[in-house]
Amino acid sequence: HMECVIMYDGLERRTIDRFVIPNAKVRYRLANGVSGTGELIDLSRSAIRFEVYFPLIEGSLLEVTIELPNRDEITLKGHVVWTFEIRRENKCFAVVQFLPFGTDARYNPPDSLAKIKAIEKTYLLDFKSEGFIIKDYPYKG
């Protein structure tokens, strides 16, 4: 699997298992009603990284729906914690850290976490490398 050591202000936060779901799409809706679609890059139990058509504002609260290849969907709430734009390629990327899982209405439902754990077993990648450091986006695992 892909094991990433996340660096934040030079300090290691946690090792996160991230996985890729081929051909998965992302729909998102901001609190102000603005919505859009994107391409899933990877995800973990705590965050998702995807390509979008215009930059999202860091700190924004949004709802993200992951459209799986088998037509199943997982909808999660979270905050944009990192954005990046490559203007010459006309590409934008965003990382959304999920709100906690729990029974409170402000949280993500526990069955969403159960769905992520189930698909994680299917899609967790088995990389030969021992891990690599990502310094671009400091999201906590």
Report task. Please go through region 65-76 and pick out each residue that is part of a loop (DSSP other than H, G, I, E, B), at negative phi and either open to solvent by 50 Å² or more (accessible area, probe 1.4 Å) or at pLDDT 95 or above (or both). Result -> Pro69, Asn70, Asp72
Report summary line: How many residues of region 52-64 are surrounded by fewer than 16 Cβ atoms within 10 Å (Cβ to Cβ) and under 19 Å from Phe19 (Cβ atoms)? The answer is 0
Query raised in the report: Which residue out of Glu73, Glu89 is free of Cβ contacts under 8 Å to residues at least 24 places away in the same chain, among the acidic types (Asp, Glu) and within 19 Å of Lys117 (Cα to Cα)?
Result: Glu73
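Let's see how each residue does on (1) modelled with pLDDT of 95 or more; (2) of a type in the set (D, E, K, R):
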site: Met7; (1), (2): no, no
site: Arg14; (1), (2): no, yes
site: Arg27; (1), (2): yes, yes
site: Val52; (1), (2): no, no
site: Glu58; (1), (2): no, yes
site: Gly78; (1), (2): yes, no
site: Ile86; (1), (2): no, no
site: Glu89; (1), (2): no, yes
Report task. Test Val81 against the criterion of being open to solvent by less than 20 Å² (accessible area, probe 1.4 Å) and part of a strand (DSSP E or B), and give yes or no. Result -> no
Report summary line: Within region 92-119, the count of residues that are small (Gly, Ala, Ser), open to solvent by less than 60 Å² (accessible area, probe 1.4 Å) and outside any helix (DSSP H, G or I) comes to 2
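The values are calculated or read from the model by the stated rules, or taken from the named source; none is laboratory data. All values reported here derive from a predicted model rather than from experimental measurement. Every residue, glycine among them, receives a Cβ derived from its backbone with ideal geometry; neighbour counts consider all protein chains shown. Just so you know, the surface numbers come from the protein's heavy atoms only, side chains and all, with ligands and any DNA or RNA stripped out. Shrake-Rupley method; radii C 1.70, N 1.55, O 1.52, S 1.80 Å.
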